[in-house]
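The structure appears below as structure tokens.
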Amino acid sequence: MSAETIYMPPLAVQLTWRDDRLASIFLDFAPEEALPTAVDSLSPRGQTFARGLAEYLSGRATDFGLDPERDLPMDEISDFSRDILLALFRAVRFGSTTTYGALARLAGRPNAARAVGRAMASNRWPLLIPCHRVLGASGALTGFTGAGLPMKKLLLGIEGADFREK
């Protein structure tokens, strides 16, 4: 396993790689004194991700140069979580949101809204698998792993997505 951190204020993004696959993404706010990471100091895959991150922070949709079915160890998570995460990745585009219930229906599991919430909470690839785009039934912000609701609010703001404060 290898890890690299990309500082691109306001974000600090830690990527953990196992072989050629992205094992996890950890999001946090960049420290105030953090300088942007020199892209050429990153691995080739990290460089590709960093270019996607710059696009994202500029308000443009990106796939970060990754395909979840090829580049993520999806075989390490349950079939249910994989179905939910892939449905989210494929259907809920940049600047859009959905609810836990709507995502459950979209993935063919109409009575599994709470289980969708658990799948979102255990998502190892935020940003790429955009769990920040999943809101409560009323359209309100709900939990977000890692840096919490302030991070979710920031990401949705970058995308220009509509949401309600609690």
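So here's what we get for this one:
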| read-out | value |
| --- | --- |
| Segment 107-151: C-alpha pair distances exceeding 14 Å, % | 50 percent |
| Accessible surface, segment 1-158, averaged per residue in Å² (probe 1.4 Å) | 47 Å² |
| Surface share of carbon and sulfur [accessible, 1.4 angstrom probe, percent] for the chain | 50 percent |
| Span-like helix ranges in the chain, DSSP H, alpha carbon extent 15 angstrom or more, Kyte mean at least -1.0 | 44-57, 79-91, 148-159 |
| Prolate/oblate/rounded call for segment 89-166, Cα gyration tensor, a/c under 1.5 rounded | rounded |
| Percent antiparallel among DSSP beta bridges (both partners in the chain, rounded to 5) | 85 percent |
| Cα centroid separation, segment 3-55 to segment 123-166 (Å) | 20 Å |
| Relative contact order (%) - criterion: Cα under 8 Å, at least six apart; region: segment 83-166 | 32 percent |
| Exposure of Phe163 as accessible area (Å², to 10), given a probe of 1.4 Å and all protein chains | 60 Å² |
| Estimated dipole of segment 53-119 in Debye, rounded to 20 [Cβ of Lys and Arg +1, of Asp and Glu -1, Cα centre] | 440 debye |
| Fraction in percent of alpha-carbon pairs per bin - 5 Å, segment 25-108 | 3, 11, 17, 21, 20, 15, 9, 5, 1, 0 |
| The chain - mean residue ellipticity at 222 nm from DSSP helices (-39,500 (n - 2.57) per run, n ≥ 4, rounded to 500) | -10500 deg cm²/dmol |
| Per-selection Kirkwood Rh - the chain (Cα, Å, 1 d.p.) | 16.1 Å |
| Sparse-neighbourhood loop sites, GluC sites (Glu not before Pro) in segment 26-68 - DSSP loop, at most 10 other Cβ within 10 angstrom | Glu32, Glu33 |
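The values are calculated or read from the model by the stated rules, or taken from the named source; none is laboratory data. Remember, predicted model here, so these are calculated numbers, not experimental data. Cβ atoms come from the backbone with ideal geometry, glycine included; neighbour counts cover every protein chain shown. Quick note on the areas: whole protein, heavy atoms, side chains included, nothing else; ligands and nucleic acids left out. Shrake-Rupley method; radii C 1.70, N 1.55, O 1.52, S 1.80 Å.
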